[in-house]
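Structure first, commentary second.
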Amino acid sequence: MIKLEIPRKDEPNMDLVDKLTELALAHSVRLNRKLKEAILTDGSVRLEGLKKINEYLLETEEELSKWWYCAC
């Protein structure tokens, strides 16, 4: 399960939450006001910052599209 911690409920952080929901991935979201940047944890992968997290979600989306198209 993907765990996302966000420092505040502003538009950029809520866009991450929306993307996870859109991808239909199992995830949990926690508000942690002590953080300076969002943190995403997926198994052994840990990413900090909107740019890195968005890149990871884009890669995940592309991977999901390939598997869906393959229908293996």
* State whether one or more residues within region 11-29 are polar (S, T, N, Q) and exposed (fewer than 13 other Cβ atoms within 10 Å of the Cβ). => yes
* Selected residue (only one of GLU11, GLU37, GLU22 is more than 10 Å from the chain's Cα centre (by Cα) and modelled with pLDDT under 95) -> GLU22
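The values are calculated or read from the model by the stated rules, or taken from the named source; none is laboratory data. Just so we're clear, the structure is a prediction, and the values are computed from it rather than from any experiment. Heads up, the Cβs are rebuilt from the backbone with ideal geometry, glycines too, and the neighbour counts pull from every protein chain shown.
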